[in-house]
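Novice: Questions regarding the structure given below will be posed in turn.
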Amino acid sequence: MTVVFIIKFLEVLQMKKFDIVVIGGSAAGLTAAITARRHYPEKKILLIRKEKLVPIPCGIPYVFGTVGSPQNNLILDTPLEKNNVEIMLDEVTEIDREGRKVMTAGGEEVGYDKLVIATGSLPMMPPIPGFDKKNVFPVYKDVDQLTKMQETVNASKKVVVIGGGFIGVEVSDEINKIKDVQVTICELLPHCLQLAFDSEFCSEAEKVLQERGVNIMANQKVESIVGNSTAAGVKLADGTLLETDMVIVGIGTVANIDLAKKANLRLGPTGSIWVDRTMRTSDEHIFSCGDCAEKFSFFGGKPSKLKLASIASSEARIAGANLYGIKRESVGTIGVFSSAIGDHSFAVAGMQEEFAKQQGYDVIAGMAEGPNRHPGKMPGMANQRVKLVFEKRTKVLIGAQMMGDKAVGELINVASACIQHRMNIDDIACFQMGTHPALTASPVVYQYVNAAESALLAMS
Ligand SMILES: Cc1cc2nc3c(=O)[nH]c(=O)nc-3n(C[C@H](O)[C@H](O)[C@H](O)COP(=O)(O)OP(=O)(O)OC[C@H]3O[C@@H](n4cnc5c(N)ncnc54)[C@H](O)[C@@H]3O)c2cc1C
């Protein structure tokens, strides 16, 4: 008995010990560690992550074209170093909640006072026969996998992409851009991007993609991936066989909860790690944020399966700040993001009109469209379309969709802020938007403001 006690005592003495340990080195983990440093300058912080090189997740589609390679799309360690956060490259295999320590594949034991789990998500695997063949690639956030994928893309003449969400669309457009390769997207829903946009925006995005040479097979269920050990074709439910040299799968992601499950942490209704609004898990010393953490919608509070970097970093700023005293709370997922197909940008925040109606909201929408410069002869002129969706009873903004030039990537963030602060039609119609001939639309026709005016007209 005494010997066991002495051994344990020596182990504790030898064990590395930190005040704050963060597991995961991507959008959520990195932001949580830096936020913790800002709020707790005196604490000893360690970030443990599996991989030496961390891809910028949202930049992954661009490694096939615009940025050239996975090595050109990396999260640097500089912010961690500058913030005096230690880094350990290892895989955490177990959390000992009672002993407040984590164990790693490399044989380390690390003690913590507060733990943040930011283990993210993994690609969803479709229940499609043939999915395990060679040359079938789910989009992993992993440099080695992406390098293998890029080599296969470079050796291919035909590529089939399963899934027409924003990952599938961006990957397809980038591959199509770089080389003489025929890319075909197979999408189950009537339109690509349908889970994000109303049909009229989806149609515009599809038009741009098709004009650029991408084939779209929408409203089509993939039945199987055919070939011997290597994928040679994709069979659709209507009998069509699409010949291909490789298959890319972008149908969504699932929370990576293995560690949390093993540690008996409570899980939420969508199977992610349960957290309260402060991002605290069912263990008061453990917080979680990002793709692995359970979410609820800003609209009505229902469980939300949305997984975005915008949500991950916001949650990480909450978790990191709250470790030693609650300072921030989550308002739920708004769902704001943008995408680009060539020179055309598409952006969305909150609920689309069609989705809001399906959810039982009584809504009114307003649209405004016009040049993004004044006069239209100014360089950089492009058409900009803005659609705003308001709840009819309260006139509060609940959704925005935009397409046009690159500026919509920032204009949508204005909309997201307005949604988060529950601004109404009149607030937005009277908005004081800064304008300049070389930079924006004219104040008279400013699309964001005029979309609100148009919704007001539709109400009467
Ligand atoms: C191709 C693609 C494009 C995207 N584009 C956009 C976009 O444009 N805009 C947007 O908002 N979102 C986008 N997303 C979603 C966004 O990437 C995710 O929401 C974001 O990566 C979530 O960050 P995270 O840190 O929670 O998880 P992840 O990025 O999944 O990171 C998890 C981290 O945890 C580490 N880890 C896991 N388990 C362990 C363990 N046991 N031990 C140690 N380390 C571990 C991993 O190695 C990794 O470092 C995109 C996703 C993909 C795949």
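Novice: Would you mind checking the range 294-326 for residues with the amide N under 19 Å from a putative spin-label position 7 Å along Cα→C-beta of residue 362?
Specialist: Answer for the range 294-326: 300.
Novice: A further question follows. So how far apart, in nm, are the two label points at residue 305 and residue 392 if each is 7 Å from Cα heading toward Cβ?
Specialist: If labels sit at residue 305 and residue 392, their model points lie 3.0 nm apart.
Novice: Moving to a separate point now. Running Debye on the range 136-251 with equal point scatterers at the Cα sites and no solvent, what base-10 log of I(q)/I(0) appears at q = 0.12, 0.16 Å⁻¹?
Specialist: The computed values of log10 I(q)/I(0) come out as -0.39, -0.70.
Novice: Send over a whole-number figure in Å² for the accessible area per residue of the chain, probe 1.4 Å.
Specialist: 46 Å²
Novice: With point charges of +1 on the Cβ of Lys and Arg and -1 on the Cβ of Asp and Glu, referenced to the Cα centre of the chain, which listed residue (420, 199, 99) lies farthest in the positive direction of the dipole?
Specialist: Checking the options against the dipole of the chain, the answer is 99.
Novice: Quick one: compute the contact order of the range 345-400, relative version, from alpha carbon pairs under 8 angstrom and 6+ residues apart, as a percent.
Specialist: After rounding, I find 39 percent.
Novice: Which one of 18, 129, 299 is farthest out on the positive end of the charge dipole of the chain, using unit charges on Cβ (Lys, Arg +1; Asp, Glu -1) and the Cα centre as origin?
Specialist: After comparing all options, I get 18.
Novice: Report, to the nearest 10°, how far helix 408-420 tilts away from the longest principal axis of the Cα atoms in the chain, using its own Cα long axis and a range of 0 to 90°.
Specialist: Long axis of 408-420 versus the principal axis of the chain: about 70 degrees.
Novice: Which values of log₁₀ I(q)/I(0), to two decimal places, follow from the Debye formula for the range 71-162 at q = 0.13 Å⁻¹ with a uniform point scatterer at every Cα?
Specialist: The computed values of log10 I(q)/I(0) come out as -0.72.
Novice: OK, next. Apply the Kirkwood formula to the range 1-142: the hydrodynamic radius equals the inverse of the mean of 1/r over all pairs of different alpha-carbon atoms; give it in Å with one decimal.
Specialist: 17.3 Å
Novice: Calculate the tail of P(r) for the range 336-459: the fraction of all Cα-Cα distances greater than 25 Å, expressed in %.
Specialist: The share of Cα pairs beyond 25 Å in the range 336-459 comes to 18 percent.
Novice: Another question about this same structure. When all protein chains stay in place, what accessible area (Å², nearest 10, 1.4 Å probe) is found for residue 244?
Specialist: Only protein atoms counted, so the area is about 10 Å².
Novice: Based on the Cβ-Cβ distance from residue 459 to residue 329, what FRET efficiency comes out when R0 is 35 Å, to the nearest 0.05?
Specialist: 0.60
Novice: Still on this structure, please answer the following. Roll a 1.4 angstrom probe over the protein heavy atoms and tell me the percent of accessible area of the range 36-136 that is carbon or sulfur.
Specialist: It is 51 percent, rounded to a whole number.
Novice: With the contact rule set at Cα under 8 Å and sequence spacing of 6 or more, what percent relative contact order holds for the chain?
Specialist: 13 percent.
Novice: Let me ask something else. Report, to the nearest 10°, how far helix 143-154 tilts away from the longest principal axis of the Cα atoms in the chain, using its own Cα long axis and a range of 0 to 90°.
Specialist: Roughly 40 degrees between the two axes.
Novice: Also: Per residue, how big is the convex hull of the range 286-331 when only Cα atoms are used? Give it in Å³.
Specialist: 71 Å³
Novice: Find how much the distance from residue 50 to residue 258 grows on full extension, using 0.36 nm per residue of separation minus their present alpha carbon separation; answer in nm with one decimal.
Specialist: So the chain would gain 73.5 nm between residue 50 and residue 258.
Novice: Report the residues of the range 244-277 in range of a label on residue 134: point 7 Å along Cα→C-beta, backbone N strictly under 19 Å from it.
Specialist: Output list for this probe position: 244-249.
Novice: Still on this structure, I have one more. Plugging the Kirkwood radius over Cα pairs into Stokes-Einstein for the chain, at a temperature of 37 °C and a viscosity of 0.692 mPa s, what D comes out in µm²/s?
Specialist: Roughly 137 µm²/s, to the nearest whole number.
Novice: Quick one: compute the contact order of the range 136-251, relative version, from alpha carbon pairs under 8 angstrom and 6+ residues apart, as a percent.
Specialist: Normalised by residue count, the contact order of the range 136-251 is 34 percent.
The values are calculated or read from the model by the stated rules, or taken from the named source; none is laboratory data. All values derive from a computational prediction rather than experimental measurement. When we count neighbours, we look across all protein chains shown, and the Cβ atoms used for this are built from the backbone with ideal geometry, even at glycine. For accessibility, only protein heavy atoms count, side chains too; no ligands or nucleic acids. Shrake-Rupley method; radii C 1.70, N 1.55, O 1.52, S 1.80 Å.
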